[in-house]
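Participant: Mind looking over this structure? Questions follow.
The values are calculated or read from the model by the stated rules, or taken from the named source; none is laboratory data. Everything numeric in this text was worked out from a predicted model, so none of it was measured. FYI the Cβ positions are ideal-geometry reconstructions off the backbone, even for glycines, and counts take in every protein chain you see.
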Amino acid sequence: MIKTAESVSLGHPDKIADYITSYILDRFIEHDASTRYAVEVMIKDNTVVLGGEVCSQFTDVPFAEYVKEALREIGYNEEYAQIWQDKAVDVRKIKVINLIGKQSSEIAAGVDNNGWGDQGVYIGYACQGEGYINRELYLARKLNRALYAKALDSRNLGLDIKTQVTVGNGGEVLTAIAAVPMLEYEDLHADICRALETEPRQIIINGAGNYTTHSSIADCGITGRKLAVDFYSAASAVGGGSPWSKDATKADLTLNLYARKLAVENLADNDEVWIYLSSCIGKAELPSATLKFQKGNTFGERNLKTDARPSVLIKKLGLYKPVFADLCRNGLL
C-alpha cells in the first residue's frame, strides 16, 4: 500500500497560532502554577485575536509583548520582517485583540475536586520503526525540520514550510514534496536527499511555482487545525481536541500524551498498538482505558488498569512546569 504523510514547520500560520498560546501559557505557569487556561488564537496579517478563558493569580499580563516574543522565537523577528517586508508577518506591526474571559465556576468546581476539566476520547499510537511512528510521517517530519533549520540561517528561504512524503510497499520513498518560501529560486534537491538519507524517485519543490508571500499574510492561522500533523497522520484516528491552547487539567494534552506513552510502553514485539482513553468532566477516574494491538495477521485487545487521575498524570508528565511551548515546538511524539 502506498502511504503519504505531511508535516508543517513552526512558521506555518496554524502552528504560529498554536505556539503563541503555548508560549503565553508558559508565562502564566511561571507566575502561577495553578493557572487554568484555555485560549485559542487566530492570526491574520499582523493582527492576533486571543479568545478563551483564564483563571490565574497572574493578572497584569503583557499579552501583546508575549505574542511578539513568541513570534521572535519562531524566527519572525525584526530582521526577518526587514528582509521579507510585506510578504510575511511583521513583528513590528502586530496588533492584539484580547477576548479572554474567566473559566466557568461550574467547571472550576470539578477541577478543584481533582476531576478532569473536559470529557472526550483520547488515542495513542505506536508502531515498530524509527520514532515508533509510521515511516511516511517520520520522514515528512524529519525533512521539515531539516528545511526549517536551513531557513532559520538563510536570508533567502522563508519559515512557512510544508513537506509531504509518499512511501511504497517496501518503505522506499516515491515522492518528496516541499513548499519553501524563496526570494530567489534555490535548488533544494541535495538538501532533501540528505535529510531523507535516500534519493526519492520524484522531488517537487514549490509545485505552484513562485512562493514568496507566506505566514499569516498568505493564510489565516488558527489553533488546532493541524491535528493530523501533530498526531499520527492517517495511521490512527485522532482523539480529543487540540493538544495546544489548554492547561494540563483540560485533558486534551495530558491524556493524549499519556495515551502515546502507554502505546510505546506496550509495543514490545507487536507491530502496532493503539490506546483508547476516555475522561468525564469533573471526575478523576477514566470511564474506559483500552489497548488494541496488531502482530502480523493477529489482532487483540484488552482493558487497562491505570491510575490516570489529573494530579497523578500532571506530576508524572511534568505538566506543572512551563513546558508547553517546547511540546508545541517538538510535538507529542
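Participant: Can you name the condition, by its number, that VAL229 falls short on among (1) assigned to a helix (DSSP H, G or I); (2) more than 24 Å from LEU71 (Cα to Cα); (3) of a type in the set (A, V, I, L, M, F, W, C)?
Facilitator: (2)
Participant: Which of the residues spanning region 199-223 are over 29 Å from LEU71 (Cα atoms) and out of contact with any helix residue (DSSP H, G or I) (no Cβ under 9 Å at 6 or more places or on another chain)?
Facilitator: Step one: list which residues in region 199-223 are over 29 Å from LEU71 (Cα atoms), which gives 199-203.
Those that are over 29 Å from LEU71 (Cα atoms) and out of contact with any helix residue (DSSP H, G or I) (no Cβ under 9 Å at 6 or more places or on another chain): ARG201, GLN202.
Participant: I'd like to check something: does region 159-169 contain any residue that is modelled with pLDDT of 95 or more, buried (at least 21 other Cβ atoms within 10 Å of the Cβ) and either assigned by TED's automatic domain parsing to the domain that holds LYS315 or under 30 Å from THR35 (Cβ atoms) (or both)?
Facilitator: Checking region 159-169: at least one residue is modelled with pLDDT of 95 or more, buried (at least 21 other Cβ atoms within 10 Å of the Cβ) and either assigned by TED's automatic domain parsing to the domain that holds LYS315 or under 30 Å from THR35 (Cβ atoms) (or both).
Participant: Sticking with this structure for a sec: Residues to consider are ALA190, ALA176, ALA151, ALA208; find the one that is in a loop (DSSP other than H, G, I, E, B), more than 30 Å from ALA289 (Cβ to Cβ), hydrophobic (A, V, I, L, M, F, W, C) and not assigned by TED's automatic domain parsing to the domain that holds LEU286. Give the derivation first.
Facilitator: On the way: ALA190 fails: in a loop (DSSP other than H, G, I, E, B); ALA176 fails: in a loop (DSSP other than H, G, I, E, B); ALA151 fails: in a loop (DSSP other than H, G, I, E, B).
Within the list ALA190, ALA176, ALA151, ALA208, the selection yields ALA208.
Participant: If you take the residues of region 244-280 that are modelled with pLDDT under 95 and over 16 Å from SER22 (Cα atoms), which of them is farthest from the chain's Cα centre (by Cα)?
Facilitator: Looking at residues that are modelled with pLDDT under 95 and over 16 Å from SER22 (Cα atoms), I get ASP269.
Participant: Looking at region 50-67, can you tell me whether even one residue there is within 19 Å of the chain's Cα centre (by Cα) and either under 30 Å from GLU136 (Cα atoms) or among the hydrophobic types (A, V, I, L, M, F, W, C) (or both)?
Facilitator: yes
Participant: For ALA263, all conditions in the list (1) within 30 Å of GLN164 (Cα to Cα); (2) among the small types (Gly, Ala, Ser); (3) free of Cβ contacts under 8 Å to residues at least 60 places away in the same chain hold save one; what is the number of the exception?
Facilitator: Here ALA263 meets the rest and fails (3).
Participant: I would also like to ask the following. Has region 317-330 got any residue that is in contact with a Phe, Trp or Tyr (Cβ under 8 Å, 6 or more places away or on another chain), surrounded by fewer than 14 Cβ atoms within 10 Å (Cβ to Cβ) and assigned by TED's automatic domain parsing to the domain that holds VAL264?
Facilitator: no
Participant: Now, a different point. Taking interchain pairs and intrachain pairs at least six residues apart, which have beta carbon atoms under 6 angstrom, with the first residue in region 172-200 and within 16 Å of TYR138 (Cβ to Cβ) and in contact (Cβ under 8 Å) with a residue 60 or more places away in the chain and the second surrounded by fewer than 22 Cβ atoms within 10 Å (Cβ to Cβ) and aromatic (Phe, Trp, Tyr)?
Facilitator: That search, which allows pairs on different chains as well, returns nothing.
Participant: Looking only at residues in region 62-92 that are surrounded by fewer than 22 Cβ atoms within 10 Å (Cβ to Cβ) and touching a strand residue (DSSP E or B) at 6+ places or on another chain (Cβ under 8 Å), which one is farthest from LEU157 (Cα to Cα)? Please lay out each step first, then the result.
Facilitator: The first filter runs over region 62-92 and keeps only residues surrounded by fewer than 22 Cβ atoms within 10 Å (Cβ to Cβ), leaving 62-66, 68-69, 72-73, 75, 77-79, 81-83, 85-87, 90-92.
Pick out the ones that are also touching a strand residue (DSSP E or B) at 6+ places or on another chain (Cβ under 8 Å) and you get 63-64.
Details: PHE63: 29, ALA64: 27 Å.
Step by step, filter region 62-92, then rank; the result is PHE63.
Participant: A follow-up question, please. Just to verify a result, which residue in region 93-135, among those that are assigned to a helix (DSSP H, G or I) and surrounded by 18 or more Cβ atoms within 10 Å (Cβ to Cβ), is nearest to the chain's Cα centre (by Cα)?
Facilitator: We begin by selecting, within region 93-135, every residue assigned to a helix (DSSP H, G or I); these are 93, 105-112, 130-132, 135.
Of the ones still in play, those that are also surrounded by 18 or more Cβ atoms within 10 Å (Cβ to Cβ) are 107, 110-111, 135.
On the way: ILE107: 25, GLY110: 27, VAL111: 25, ARG135: 18 Å.
Residue satisfying both the conditions and the ranking: ARG135.
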